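What follows is a short report on a single structure.
The values are calculated or read from the model by the stated rules, or taken from the named source; none is laboratory data. Only a predicted model underlies this, so the values are computations on that prediction, with no experimental measurement involved. Cβ atoms come from the backbone with ideal geometry, glycine included; neighbour counts cover every protein chain shown. The accessibility values were calculated without ligands, DNA or RNA, using every heavy atom of the protein model including side chains. Shrake-Rupley method; radii C 1.70, N 1.55, O 1.52, S 1.80 Å.
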Amino acid sequence: MSQQTPYGSASGPVQFPDHAQGQPAYGQQPAYGQGAPGYPPAGQQKTNTMAILGLVFAFLFQPLGIIFSAIGLSQIKKTREKGRGLALTGLILSIVFLILGLLLFFFVFAALNEVVERAAAGETQAAEAAEDPDGVLAACQTVIPAISAFGSDMATVTTPEEYVQVVTDTRATIEGAAGGASDPAFVGDVQVLSDDLQLAADSVAAGEDPSYLMDALTEDEARVNEACAAAGY
């Protein structure tokens, strides 16, 4: 008959349950660092690839950086991988850089468009200057319509004051236009016409009949028309 001890039979080794040999018993928590069931241990978790790509493409191509970072955040939420900070950083940087890039694009586009418009305007002015070196054609584009408007306005004049006002406005218009021309003959013809118009206004203001000036005014207008026709108007 074998002798009994507090730890079992003296004739053989003591047998321990499996959990006493290093295996956790049912219901016990895993040791620190072993990881939860279904997930790799904490020390073996890898960084999410999409999170890394999201951060990289934030500096290369922001639309892809946004997509990769968003995918990385979604995957990390499911897999518990590392890299959530990288994904957030990539997402934020991608959005910020994309907005700055768009602003820079529109700024550069507007600046280039302005430069192109100025260049086109300069070319147009240069072409016009080559076609109209004396500025006569440009002046005629104002003088001839003003003379035509003078005839129309005279048909509606009913008082001496209105007559004087129409003459004053017409003289200011044609003299101002002729002032931009460098052809002395053309400038002189316009000035003669303006002076005769002033004589007509003075006659009306004095209560006299200005019809005696009609022939002179007709000749003055004809000379101006010929000069404008010669300039290509």
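Some observations on this one:
- Complete set of residues in the range 158-180 that are more than 19 Å from Pro145 (Cβ to Cβ) and either among the aromatic types (Phe, Trp, Tyr) or open to solvent by less than 20 Å² (accessible area, probe 1.4 Å) (or both): Tyr163
Here is a yes/no grid of residues against (1) crowded, with 17+ Cβ neighbours inside 10 Å; (2) touching a residue at least 12 places away in the same chain (Cβ under 8 Å):
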| residue | (1), (2) |
| --- | --- |
| Ala139 | yes, yes |
| Ile147 | yes, yes |
| Ser182 | no, yes |
| Gly188 | no, no |
| Ser194 | yes, yes |
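- Screening the range 82-101 for residues that are open to solvent by 90 Å² or more (accessible area, probe 1.4 Å) and modelled with pLDDT under 95 and picking the one that is farthest from Phe68 (Cα to Cα) gives Lys82.
- Hey, Thr47 in contact (Cβ under 8 Å) with a residue 12 or more places away in the chain and in contact with a Leu (Cβ under 8 Å, 6 or more places away or on another chain) or not: yes
- Number of positions in the range 160-211 that are on the phi > 0 side of the Ramachandran plot and at pLDDT 90 or above: 0
- Residue under evaluation Asp134, criteria (1) more than 17 Å from Tyr233 (Cα to Cα); (2) of a type outside the set (Phe, Trp, Tyr); (3) touching a Ser or Thr at 6+ places or on another chain (Cβ under 9 Å), criterion not met: (1)
- If you check Ala205, Ala201, Ala222 for being in contact with a helix residue (DSSP H, G or I) (Cβ under 7 Å, 6 or more places away or on another chain) and open to solvent by less than 60 Å² (accessible area, probe 1.4 Å), only one passes: Ala201.
- Residue match in the range 102-120 (condition: surrounded by 11 or more Cβ atoms within 10 Å (Cβ to Cβ) and at positive phi): no
- Failed condition for Asp153, given (1) under 18 Å from Ala231 (Cβ atoms); (2) modelled with pLDDT under 90; (3) surrounded by 13 or more Cβ atoms within 10 Å (Cβ to Cβ): (1)
- Positions within the range 178-212 being more than 23 Å from Cys140 (Cα to Cα) and among the hydroxyl-bearing types (Ser, Thr, Tyr), in sequence order: Ser203, Ser211, Tyr212
- Residue ID - farthest from Ala51 (Cα to Cα), chosen from residues in the range 72-123 that are of a type in the set (Asp, Glu) and assigned to a helix (DSSP H, G or I): Glu123
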